[in-house]
Amino acid sequence: MGRLYYQFIRTTDFGPYVTKLILAMPRAVENRELGVEKFSVYVEIKDRNGDVVKLPKSFIERDEFVPSVGYRKILMAYTSDRQGIACDMASRYVTLELAYGPTYKCSSALAADFTNINGHENFTINDYVITQTQDIGEGDNVIRGLVFDSCAGIKHPQRERFIDVDSEDETKLLRYGYYTPDLNTGKRPLIVWLHGAGEGGDETAIAYAGNKVTELTEDWIQKKFDGAFVLVPQCPTMWLDDGSGQYGDSGKSKYVKVLKATIDSFIARFSDVIDTDKIYIGGDSNGGFMTMRMIIDYPQFFAAAFPICEALIDSAISDADIEAIKNIPIWFTHAKNDPIVPPENYVVPTYERLVKAGASDLHFTYWDKIVDRKSYCDKYEGFLDEAGNPFEYLGHFAWIPMLNDDCKVDFDGKPVVVNGKEVTLLDWLALH
């Protein structure tokens, strides 16, 4: 057995990545002794059974699967504390910052079962071997030949903000993760987030940390609401499951009543501090479908809704449904080039019917395509493609700009204005 190391995971626009490795050194070292050339990093990504994960070339190209093993590129090496925070003094800990993102193989901290159309994502077991390739120091203080292959712990700060609650009977209550804001005085809003199809299953943290739903807990968003609870229920299959266990366009879900019961149970648990006049609901893809399903079935319950790339086909929405939700504040988000949920069959006709019905607080940010870019609220610089241009995601991934609060314009391309002030989707949500 070699020496100990720690992993640091960060959830980004494109999900969670192992971004740093923190090495426990045999003596205190100084930054002048370090360099990226002094280490190599190899990883094998495994599933919960201990088997090496095989993944396809891309989300769409699933014809060829390759093992998730290989070397990681080291960007920086510096002294730090055990959490990976850099320091200027000598330390027994050395942090290696790694290149990560959709163009870097073996950097993700999760994987999906792409061989199964109903497959779910899970956090992976990332077995690293960090090998020292050059001497550190000289003389009596020289360090050489170190191998770090025993993970002593994983740090994932965004995930750690949530508390997971399991369910004894998923026909009565669903499992869920939740975040509690700082509570000073008064009651706080509740944001209910409904995950996409891949984030279902039995690993609760995937529902909020598989995508950057954790961003809703960041200070810059929490300040908009003066603090807000975040509730993320997880269903065992997919929200679109009408009882058949398969995808389809019936417009029905077997989870409607149990989801409502789960939300009610959570509100009852925090009844003294949740403002029941400020219950917001939203989600992506399958979760966008379920957002629509919930506001249709419970139109008096939610203060506002934000469906993203929603998958409730318009033909399954009746005129009575449109009448039921036309007075609910709704902000849609979708991309024109979405190949998974074609907007012309789903959100566009529904939006047009709501407009015709006289919906008074209705908005729709309609992206041409989904391109990564630096968020004004974050140190994160954004992902680039192999040519050095901003990375373009699959058109389905409209939750990325929504969670970065980049939804600012309406269907006509003009800014959304409330009380004479331009607002983003999250600004607008907090006003209800």
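One table, with the values for the structure above:
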read-out	value
Filter result (over 26 Å from Thr424 (Cα atoms) and either touching a Leu at 6+ places or on another chain (Cβ under 6 Å) or of a type outside the set (S, T, N, Q) (or both)) within the stretch 200-233	Gly200, Gly201, Asp202, Glu203, Ala205, Ile206
Filter result (of a type in the set (Asp, Glu) and either buried (at least 20 other Cβ atoms within 10 Å of the Cβ) or part of a loop (DSSP other than H, G, I, E, B) (or both)) within the stretch 400-432	Asp405, Asp406, Asp410, Asp412
Residue list for the stretch 295-314, restricted to those being touching a residue at least 60 places away in the same chain (Cβ under 8 Å) and crowded, with 24+ Cβ neighbours inside 10 Å	Phe306, Ile308, Cys309, Ala311, Leu312
Hits in the stretch 90-124 (condition: under 16 Å from Tyr42 (Cβ atoms), surrounded by 15 or more Cβ atoms within 10 Å (Cβ to Cβ) and over 19 Å from the mean Cα position of the chain (by Cα))	Leu96, Leu98, Lys105
Residue count, the stretch 270-291 (criterion: over 14 Å from the mean Cα position of the chain (by Cα) and open to solvent by 10 Å² or more (accessible area, probe 1.4 Å))	8
Residues of the stretch 247-267 classified as over 20 Å from Tyr346 (Cβ atoms) and either at pLDDT below 95 or in a loop (DSSP other than H, G, I, E, B) (or both), total	1
Members of the stretch 54-89 that are at pLDDT below 90 and surrounded by 13 or more Cβ atoms within 10 Å (Cβ to Cβ)	Lys54, Leu55, Pro56, Phe59, Arg62, Phe65, Pro67
Qualifying positions in the stretch 15-60 - without any contact (Cβ under 8 Å) to a residue 24 or more places away in the chain and touching an Asp or Glu at 6+ places or on another chain (Cβ under 8 Å)	Val52, Lys57
Test: residue in the stretch 394-408 that is closer than 23 Å to Leu216 by Cβ, of a type in the set (Phe, Trp, Tyr) and in contact (Cβ under 8 Å) with a residue 12 or more places away in the chain	yes
Scan of the stretch 221-246 for residues that are in a helix (DSSP H, G or I) and open to solvent by less than 50 Å² (accessible area, probe 1.4 Å), ordered by number	Ile221, Gln222, Phe225
Selection status of Lys254, under 21 Å from the mean Cα position of the chain (by Cα) and either open to solvent by 30 Å² or more (accessible area, probe 1.4 Å) or among the β-branched types (Val, Ile, Thr) (or both)	no
Which numbered condition Lys260 misses (of (1) in contact (Cβ under 8 Å) with a residue 12 or more places away in the chain; (2) farther than 18 Å from Ala303 by Cβ; (3) open to solvent by 20 Å² or more (accessible area, probe 1.4 Å))	(2)
Meets criteria (open to solvent by 10 Å² or more (accessible area, probe 1.4 Å), in contact (Cβ under 8 Å) with a residue 12 or more places away in the chain, hydroxyl-bearing (Ser, Thr, Tyr) and more than 18 Å from Gly186 (Cβ to Cβ)) for Ser265	yes
Breaking point among (1) modelled with pLDDT of 95 or more; (2) open to solvent by 30 Å² or more (accessible area, probe 1.4 Å); (3) among the small types (Gly, Ala, Ser), for Ala359	(2)
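The values are calculated or read from the model by the stated rules, or taken from the named source; none is laboratory data. These figures come from a predicted structure and were not determined experimentally. Heads up, the Cβs are rebuilt from the backbone with ideal geometry, glycines too, and the neighbour counts pull from every protein chain shown. Please note that ligands, DNA and RNA were not included when accessible areas were found on the heavy atoms of the full protein model with its side chains. Shrake-Rupley method; radii C 1.70, N 1.55, O 1.52, S 1.80 Å.
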